[in-house]
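The values are calculated or read from the model by the stated rules, or taken from the named source; none is laboratory data. Everything numeric in this text was worked out from a predicted model, so none of it was measured. Neighbour counts are summed over all protein chains in view; Cβ atoms, including those assigned to glycine, are modelled from backbone coordinates with ideal geometry.
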Amino acid sequence: MTEVNRLDGGQINRAKEVSFTFDGHRYKGYEGDTLASALLANGERLMGRSFKYHRPRGVLTAGSEEPNALVELRKGGRQEPNTRATVIELFDGLEAAPQNAWPSLRFDAMAVNDRFSNFLTAGFYYKTFMWPKAFWEKIYEPIIRKAAGLGSISFEEDPDLYDKGFLHCDLLIIGSGPSGLAAALTAGRSGARVILADEDFRMGGRLNSETLALGDQSGADWAAAAIAELADMPNVRLMSRTTIVGAFDHGTYGAVERVQDHVAVPQEGKPRQIFWRIYSRRALLCAGAMERPIAFADNDRPGVMLASAVRSYLNRWAAAPAQEIAIFTNNDDGHRTAADLIAKGVSVPAVIDVRADAPSVAGTELLAGAEVIGTSGRLGLSSVTVRLANGQTRKVNCGALAVSGGWNPNVHLTCHQRGRPQWDADLAAFVPGTDLPVGMSVAGAAMGQLSTAQALSSGACGAATALEAIGITASAIDLPEAEDAPISLKPFWHVSGGKSRAWVDLQNDVTVKDVKLAHQENFVSVEHLKRYTTLGMATDQGKTSNMLGLAVMAELTGKSIPETGTTIFRPPYTPVAMGTLAGRATGKHFHPTRKTPSHRWAEEQGAVFTEVGDWLRAQWFPKAGETHWRQSVDREVLQTRNSVGVCDVTTLGKIDVQGKDAAAFLNKMYANAFAKLPVGKVRYGLMLREDGIAYDDGTAARFAEDHFVVTTTTANAVLVYRNMEFARQCLFPDMDVQLISTTEAWAQFAVAGPNARKLLQKVVDPEFDLSNEGFPFMACGEVTVAGGCRARLFRISFSGELAYEIAVPTRYGDALVRRLMEAGEEFGVVPYGTEALGVMRIEKGHAAGNELNGTTSALNLGMGRMVSKKKDCIGNTLSEREGMNEEDALKLVGFRPVKSDETISAGAHLMNASGAVNAKVDQGYVTSAAYSPVLESSIGIGFLKNGDARKGEIIRAVNPLAGQEIQVEVVSAHFVDPEGERLRA
Amino acid sequence: MMIDHPLLGLRDAQEFTYLGDASLIDRPDWRSDTAQEEFHDYLYLRDNPAGEHRELWYHEAGDRSWLVVTRNMLTHEITQVELARDVARARGRSK
């Protein structure tokens, strides 16, 4: 292919030629091209097929508002659907494929839809696929989705990195056109911290696309000089390829920087895109304006483009969309296009201006008071049919038509906090309203200041005013002389009376007729119109179509446009890839991994790990020859109960509580009392929610009158600490008590089993008396281990065995576990994981997360009497509510299968021995179940109505989902050592 | 959102955990004759104003202060930020 439409000049680097493919064909272009400009230069106007009717479509715009030219970019894991050819920077080796076209772009079989367009109007799906109802999900929807729908994805993993970043500035300037550059120069020279962001890869905005002079320079040269000056300022950060996608609260803006989108493969270590959070003290929106089209019959043919886009391709990219280009306009701005085209040697057969009094244009014929009523050309425009002022029609041959319907200020970001734009009758457009996001002001074309001179002065002035408000003085800068033409426009939205469909929303294939149908069926509010016709949906969010749809609806209802309303603009301004929002928080990096102090040692032992919140805990430690996890777990349980086992319990939350009122504070936090707990003793503590439901449990060890160490469950460590701080600061502000979380400061190990003491005596320094008398059950104290390493020792037991927990500063945790294992060799010490821990606590009938499940009270747990009535505590009052103290309340009991080879499942519901099985006669449920190697039977614990009075009763545990129903005997939840002799030994 | 912490200055709301209505400071007296009703109202009844709202925020990823933030629910404008401890004391809470 050759660049048949490439002109001289432009801002492309002709020294750097690049090669790319589109729809399987190879083309060449230059560095600085977009995919769209390079295709146009190569004479290609056809770039896609439309969403619903598969009509041939070309490029409409030269920016991010593009509705038509959507392509699938790249291949494999990097394949990206719905990228706009107008903003894809050309790189060597670029591969793009058209969407919605099969088998090829030129011959698309689905274009048959267009023949049935009478049946496929707005609301078609809702009306046609109503019945049979069951067909929708299985038959209709998949077919529709396949036929419609935008691009596709490869389902391969994206190999690229995405990142997040944070920036701070005094003034964020959004857009680098004339107003943005004047603002940046003003603010930059004042010394303020400035960020200038623009979605384009080349800053300068319309200055790069217009031939208007600034002083004695071209607009592009003036912009280049301004950018060079700004680049040298250390207080200014220039961010090209960066879209401000949302205006959030308190001056925070979201921005997507496309760091490596303009290369085939990102450089090693560089992210493809960065999602920036920009904290600004003030922001100045200099986002410019977008030209809007006029609807007329068959206005979707490739070659029908916005006039401003034609000038961009012509002046910036030296690409003529065609050899002959006509113009259709309702304003003077459109006439510039003719002058620019003629200057570049492109033939302009006619300027068609709807205004009867339109000014004449040098070098071409003016058809004043005329309208375009039709177009022809199969895969691209070949001529337009014009209805002249005198009513006659004339055919004008042209390969492209530059359309200008006026300009819409780019108000999007001003509406992100639900601000409403205001109607400006002179512009026939919406301009920013008064309720802007806090700290934002608007300048230039975005404010309706459409001339270059106005843009420059309002940008400079806007920056100075914004900075003044935050105490920064900026001096006025010299601005060059610039074009200052008044607005001359006749509001004109669509040509009536054409034979074919006139397209309002090219992306969603919505026509003037569809809007009329919506009106006819009473979907007249803007929001209903949008949902009924899909006008303004999908990737472009109606940037070029919303106004047109609104104007047509206004005409139908006989209301004015501002009375008809506007749709609400929401973030993001342009589509943002999910990967960009996720940043690095993907896969394993989605949340942090917390490893216990014995993790490395456990890995060496071949432990199997399980995730407990963010923690990785050893689940069991398989030995050679063990082929099933139960073998390992049973061995760990039996060896612990027979001799001694060691388990890392560091993950339990630890909170250090100090102060004169520490005991009084714990009395408030726990249902049971702590004031009388002697120093050197530990007590179990049950914590309630304020509504009286059991919340968490743990132990509180008193190391001094004014010093406790409390533990929480692993899952609630953060929450309990948060609640305690709430109580301390908000409920009891004068208590002398301080809290600090020490969960990660101490490595803690349970040492359990009949030989636990003997083992510890080998590790704890000999001056500490560990005898049963010297250090009895529920004792605690500060000791030293291994010749002077400070440690804390607690004689507490979760397993029901003679057991201790020993804590050392975290950095010694690895050394301590190795020392314990070495010292325990003579007893056959085993490490045990969370599974064995769970089996032993079920055997002992200790409640855990399954029992403290957010629906159970102290009464249910068999701890009703623990709730002290003599003192206030969180949850005390409401735990006395009638409904929580019913006679036949659920009580925690144990279950054994009547047939010893049957298995109890956790979650099974309990039913009486005979009778119906349903929710009405439900007797309770099993919360935890395990195989007990000690009892050589499956066991369970759970809640049974009036359970403590039903021991010995045979009931049924049913699991209707699995078709399971077994007989179980109600027993005490304490299967092992119910008298507690072992743990006191 | 940005919260102007009384001790630390402007901080991103992401550093905070939100709890809710600052009326949670006004925990009733357990010895009251109508304690059950008062606790019920305290726990379950909340105003949902379309305007200024005083609410509790916890600087969990910061200095662990509980703050009372006065925020407009319609605009998110924050007009006052106080240490919850000071508010609690001013409302008569002690030990």
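For beta carbons closer than 9 Å, sequence separation of 6+ or different chains, a first residue in the stretch A:506-525 that is assigned by TED's automatic domain parsing to the domain that holds A:Ser560 and assigned to a strand (DSSP E or B) and a second that is at pLDDT 90 or above and of a type in the set (Lys, Arg), the qualifying pairs are A:Thr511/A:Arg501. Whether a residue is charged (D, E, K, R), touching a strand residue (DSSP E or B) at 6+ places or on another chain (Cβ under 7 Å) and away from chain B (no Cβ under 14 Å) was assessed, and A:Asp769 does not pass this test. Is it the case that A:Phe708 is crowded, with 22+ Cβ neighbours inside 10 Å, among the hydrophobic types (A, V, I, L, M, F, W, C), away from chain B (no Cβ under 13 Å) and in contact with a helix residue (DSSP H, G or I) (Cβ under 6 Å, 6 or more places away or on another chain)? For A:Phe708, the condition - crowded, with 22+ Cβ neighbours inside 10 Å, among the hydrophobic types (A, V, I, L, M, F, W, C), away from chain B (no Cβ under 13 Å) and in contact with a helix residue (DSSP H, G or I) (Cβ under 6 Å, 6 or more places away or on another chain) - is met. A:Ala962 falls short on exactly one of the conditions (1) more than 14 Å from chain B (Cβ to nearest Cβ); (2) among the small types (Gly, Ala, Ser); (3) touching a strand residue (DSSP E or B) at 6+ places or on another chain (Cβ under 6 Å), and that condition is (3). Residue count for the stretch A:835-856 under the criterion of being touching a Phe, Trp or Tyr at 6+ places or on another chain (Cβ under 9 Å), closer than 17 Å to A:Gly753 by Cβ and not hydrophobic (A, V, I, L, M, F, W, C): the result is 5.
In the stretch A:412-442, the residue that is surrounded by the most Cβ atoms within 10 Å (Cβ to Cβ) out of those that are more than 12 Å from chain B (Cβ to nearest Cβ) and among the acidic types (Asp, Glu) is A:Asp424.
Within the stretch B:28-39, is there a residue that is more than 10 Å from every other protein chain (Cβ to nearest Cβ), in contact (Cβ under 8 Å) with a residue 12 or more places away in the chain and farther than 23 Å from A:Asp736 by Cα? Within the stretch B:28-39, none of the residues are more than 10 Å from every other protein chain (Cβ to nearest Cβ), in contact (Cβ under 8 Å) with a residue 12 or more places away in the chain and farther than 23 Å from A:Asp736 by Cα. Looking for something closer than 30 Å to A:Gly788 by Cβ and either surrounded by fewer than 23 Cβ atoms within 10 Å (Cβ to Cβ) or within 14 Å of another protein chain (Cβ to nearest Cβ) (or both) - is there at least one such residue anywhere in the stretch A:722-733? No: the stretch A:722-733 contains no residue that is closer than 30 Å to A:Gly788 by Cβ and either surrounded by fewer than 23 Cβ atoms within 10 Å (Cβ to Cβ) or within 14 Å of another protein chain (Cβ to nearest Cβ) (or both). Being at the interface with chain A (Cβ under 9 Å from one of its Cβ atoms) and among the aliphatic types (A, V, I, L, M) is true of B:Leu10. Scanning the stretch A:853-906 for residues that are in contact with a helix residue (DSSP H, G or I) (Cβ under 9 Å, 6 or more places away or on another chain) and on the phi > 0 side of the Ramachandran plot yields one hit, A:Gly862.
Flag not set for A:Arg189, criterion: at pLDDT 95 or above, within 35 Å of the chain's Cα centre (by Cα) and assigned by TED's automatic domain parsing to the domain that holds A:Gly444.
Inspection of the stretch A:238-245 identifies at least one residue that is under 30 Å from A:Asn331 (Cβ atoms) and more than 14 Å from chain B (Cβ to nearest Cβ). For the stretch A:833-855, the criterion of a residue being touching a Leu at 6+ places or on another chain (Cβ under 8 Å) and among the β-branched types (Val, Ile, Thr) is satisfied by no position. Scanning the stretch A:428-449 for residues that are of a type in the set (A, V, I, L, M, F, W, C), part of a loop (DSSP other than H, G, I, E, B) and in contact with a Leu (Cβ under 7 Å, 6 or more places away or on another chain) yields A:Ala428, A:Ala443. Among the residues of the stretch A:351-377, those that are part of a loop (DSSP other than H, G, I, E, B), at negative phi and not basic (Lys, Arg) comprise A:Val354, A:Ala356, A:Asp357, A:Ala358, A:Pro359, A:Ser360, A:Val361, A:Ala362, A:Thr364, A:Glu365, A:Ala370. You will find that of A:Val917, A:Val934, A:Val926, A:Val970, the residue that is buried (at least 16 other Cβ atoms within 10 Å of the Cβ) and part of a loop (DSSP other than H, G, I, E, B) is A:Val934 and no other. Filtered by the rule that a residue be outside any helix (DSSP H, G or I), more than 8 Å from chain A (Cβ to nearest Cβ) and on the phi < 0 side of the Ramachandran plot, the stretch B:14-27 gives B:Phe16, B:Tyr18, B:Asp21, B:Asp26. Screening A:Glu822, A:Glu880 for residues that are more than 14 Å from every other protein chain (Cβ to nearest Cβ) and acidic (Asp, Glu) leaves exactly one candidate, A:Glu822. Among residues of the stretch A:177-234 being of a type in the set (Gly, Ala, Ser) and assigned to a strand (DSSP E or B), the one that is surrounded by the most Cβ atoms within 10 Å (Cβ to Cβ) is A:Ala197. For the stretch A:633-658, the tally of residues that are hydroxyl-bearing (Ser, Thr, Tyr), over 45 Å from the mean Cα position of the chain (by Cα) and surrounded by fewer than 24 Cβ atoms within 10 Å (Cβ to Cβ) stands at 1. Of everything in the stretch A:64-101 that is surrounded by fewer than 14 Cβ atoms within 10 Å (Cβ to Cβ) and in a loop (DSSP other than H, G, I, E, B), the residue that is modelled with the highest pLDDT is A:Gly93. Restricting attention to the stretch A:679-698, the residues that are within 14 Å of another protein chain (Cβ to nearest Cβ) and aliphatic (A, V, I, L, M) total 2.
Within the stretch B:42-95, work out how many residues are more than 8 Å from every other protein chain (Cβ to nearest Cβ), of a type in the set (Lys, Arg), closer than 17 Å to B:Tyr18 by Cβ and in a loop (DSSP other than H, G, I, E, B). Of the residues in the stretch B:42-95, 1 are more than 8 Å from every other protein chain (Cβ to nearest Cβ), of a type in the set (Lys, Arg), closer than 17 Å to B:Tyr18 by Cβ and in a loop (DSSP other than H, G, I, E, B). Of the residues making up the stretch A:515-540, those that are in contact with a Phe, Trp or Tyr (Cβ under 6 Å, 6 or more places away or on another chain) and over 28 Å from A:Val245 (Cβ atoms) are A:Ala518, A:Phe523.
Could you grab me the full set of residues in the stretch A:334-383 that are without any contact (Cβ under 8 Å) to a residue 24 or more places away in the chain, closer than 19 Å to A:Lys490 by Cα and polar (S, T, N, Q)? The one that is without any contact (Cβ under 8 Å) to a residue 24 or more places away in the chain, closer than 19 Å to A:Lys490 by Cα and polar (S, T, N, Q): A:Ser360. For A:Lys676, the test of being charged (D, E, K, R), assigned to a helix (DSSP H, G or I) and either more than 29 Å from B:Val68 (Cα to Cα) or more than 9 Å from chain B (Cβ to nearest Cβ) (or both) is failed.
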